[in-house]
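The block underneath contains the structure these notes are about, expressed in structure tokens.
Here, each number is a calculation from the coordinates, and none is a lab measurement. Keep in mind it's a predicted model, so treat the numbers as computed, not measured. Cβ: placed from backbone, ideal geometry, glycine included. Neighbour counts: every protein chain shown.
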Amino acid sequence: MPSFAKLFATPWIWSFLGALIVWLAAVIFTGGHGAGGMITAALSLAVFTVIVGLGQMFVITLGPGNVDLSLPANIGLASAVAMKTMDGQDSLIALGLLAALACGVVIGLANYALIRVLRIPPIIATLSSSFIILSTDIHYGRGLQIKPPDSFADFANVQFFGVPILGLFGVALAVVAWAGLQKMVYGRSVLAIGQNMRAAKLAGIPVERVRLLTYTLSGALGGINGALLAGYFRGASVDIGNEYLLSSIAVVVIGGTSVAGGKANVPGIWGASLFLVLLLTMLNTFGVSAGLRLLLTGLIIVGVITAAGGHKTGR
Amino acid sequence: MTSSAPTAAQSRAARNRARLLRTMLPALSMTLILLAIAWLNPRAISYFGFSLMLNLAIPIALATIAQMFVITINELDLSIGTFVGFVGCVTATWLHDAPVLGVLVLLASIGVYAGLGALIHLRNLPSIVVTLGMSFVWQGLAILILPKPGGAAPDWLKGLMGLKVPFVPFPIVAAIVIALVVHFGLMRSAYGTVLRGAGGNPQAIGRAGWSLLKTKVVMFALTGTFGVISGMALIGITTSGDANIGNGYTLLSIAGVILGGGEFVGGRVSPIGAVIGALTLALAASPLLTFMNIPPDWQVAANGVILISVLAARALISRKGA
């Protein structure tokens, strides 16, 4: 069956398969109860990982050493900015979203400025900026739990026949990202730079402009994610984005994007995000302790990487 | 390289000067911070003051050295922080209650690190992701061993970390010993050169007949070893364990290596610089800032600012030398 062979050769199919397997395991354990509910919850939660995962994917695709470690701090600050701007009023929702977006864009621009002007490796640049963002957030948010306007929180939790509106938003975003990556000059430039920066430069690609755009994009997506998270969980907090440092990188790699750059995969981001969220759901339904859950999550991530790995990679 | 007006000898001299300046940069930045402390609070520059300020510097320096080993071979360990926490939990429980079991578990964890090195090399895996997964594993194990903060450090360890050396505070003595031991092992020994070569030019090392697999295994085992020592030292100071105690060390250790003049690729690292980088971060972490009356909100930011300014200075020097 050549079509099957082709399907299984695509790197992203494995992440969806993994998601399906952990979901089935959880459903069998509960005897079929809550199977649909699990998917609904997973669709909502996975979206947050998808949003930052897409940003991280573009950054990582730029080539070895490119990574955005400032996402968690970015999400935290943007969540506070959004909630403070909205101030609990429905009329200010759009302004709040815009403020979160602007906050993310500024962070992305600052990251790029550090990388470009000071020639700092991206890992250290985004790490240092995350320290500063974190402090800003602690100072600005004052550790307060700022509540979102009710209608924004309700909106973030709305479902159509079990399909959360956030899930639809995530799918739409992924389609746009896919088009941007595969069909637009911008995406092709990112891929070219990741494959060989020197060759890309010699071919006339505006390398620095593309890198600027990419870090800004990652920052902007982090900002949006912060606002949506604060809406979904009904409140902003400093550590709301903490888990997205690891998960944003993990979904990129599990989803079939090369860490060496130059090879990206958008559907894989969705598959890997669903896999991670459903994995957690499965372990929760099994009723394992927090320690065991972390241990198993780690072992499964390492196992999946080992099974899927083997591409040529720089780091 | 520009080959215009200045002669070759002149430009070589300029390059050497830039290189020297670059090498001195870690020490220079630490001196600046010390001067700032001395200016703000002269009494801090004393035996007691240094013992206090550098209290937690030793575990940070050890974790930084651990990170440096993997960075030497172009890898990165994102799990070192939770690993230090795991070692801390083992130290505060099993090593205290059943020393033989404790020692065996710690040795086995070094074995796991060596195994990771082999896995990463054989399957050609990105170390960022493997160690990311391992960070969950170590943290999970730490919570399973010690669900709530507690336990107790073995007495000999407490005694060792609380050692009083005449004239020079113990943390400084320990830092010098660590820096020199690793310097001679990695920078001066024959096999150390091979290990660094495995980061600088793996093909050349492979063609010269050295096993690249072995270099990865050795370097990861060294990272595990120094991670273990770091966790034990930390518990010797804090005297009890906590599963989250080392979480901040992952980022601190990477920052320390870079601050100390190390680079992410090419096997260019400096053990002495890394220890100085770690001490700088430890000094900057809190005492200096309390003297400067910087509110606690902004203490984390100060670390970021120091990193950025040192790296900016380095970029400036490199650009002049190029």
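A few points about this structure:
- Ellipticity at 222 nm from helices only: DSSP H runs of n ≥ 4 in chain B, each -39500 (n - 2.57), divided by the residue count, give -23500 deg cm²/dmol.
- Inter-chain neighbour count for B:139-146: the average number of beta-carbon atoms from partner chains within 10 Å of each residue's beta-carbon is 5.
- ³J(HN,Hα) computed for each position of region B:143-155 - Karplus, 6.51 cos²θ - 1.76 cosθ + 1.60, integer Hz, glycine/proline x: 5, 5, 6, 9, x, 10, x, x, x, 8, 6, x, 4
- Between B:Val305 and B:Arg17, the FRET efficiency from the beta-carbon distance, with R0 = 30 Å, is close to 0.65.
- Cβ-Cβ distance of A:Gln159 and A:Ile21, R₀ of 22 Å, FRET efficiency by 1/(1 + (r/R0)^6): the value works out to about 0.30.
- Treating r as the C-beta distance of A:Leu109 and B:Leu104 and R0 as 60 Å, the FRET efficiency rounds to 0.70.
- Full extension of the chain between A:Leu299 and A:Ser91 yields a length gain of 70.2 nm, computed as 0.36 nm times the residue separation minus the alpha carbon distance.
- Spacing of the two label points (7 Å from each Cα toward its C-beta) at B:Leu160 and B:Asn41, in nm: 3.0 nm
- Annotation: peptides B:96-104, B:168-176, ranked by per-residue average of other Cβ atoms within 10 Å with the highest first, follow the order B:168-176, B:96-104.
- Dividing the mean sequence gap of close Cα pairs (under 8 Å, 6+ apart) by how many residues chain A holds gives a relative contact order of 36 percent.
- Based on DSSP H segments of at least four residues, each scored -39500 (n - 2.57), chain A has a per-residue ellipticity at 222 nm of -24500 deg cm²/dmol.
- Distance (nanometres) between label positions extended 7 Å along Cα→Cβ at B:Tyr191 and A:Asn242: 4.1 nm
- Summary of the geometry: region B:4-55 and region B:85-102, compared by the centres of their Cα atoms, lie 39 Å apart.
- Kirkwood Rh, angstrom, region A:35-308 [1 / mean 1/r, Cα pairs]: 18.9 Å
- At full extension, B:Phe184 and B:Phe48 could sit 45.9 nm farther apart than now, given 0.36 nm per residue minus the alpha carbon distance.
- Over all pairs of different C-alpha atoms in the protein assembly as shown, the reciprocal of the mean inverse distance, the Kirkwood hydrodynamic radius, equals 25.6 Å.
- Chain B: Rg to Rh, with Rh as the Kirkwood radius over Cα pairs: 0.99
- Inter-part distance where region A:185-209 and region A:240-287 are each reduced to a Cα centre, Å: 26 Å
- Protection proxy ranking, highest mean first, for peptides A:127-138, A:48-59: A:48-59, A:127-138, where packing is the per-residue count of other beta-carbon atoms within 10 Å, averaged.
- Pairs of Lys residues in the protein assembly as shown, spaced 8 or more positions apart or belonging to different chains, with C-alpha separations under 23 angstrom: 12 in total.
- Between A:Lys147 and B:Gln203, the distance separating the two model label sites (each 7 Å from Cα on the Cα→Cβ line) works out to 6.4 nm.
- Within 10 Å of the Cβ of each residue in A:115-128, the mean number of Cβ atoms contributed by other protein chains is 5.
- Ranked by the mean number of other Cβ atoms within 10 Å per residue, highest first, peptides B:302-309, A:232-239, B:256-263 order as B:256-263, B:302-309, A:232-239.
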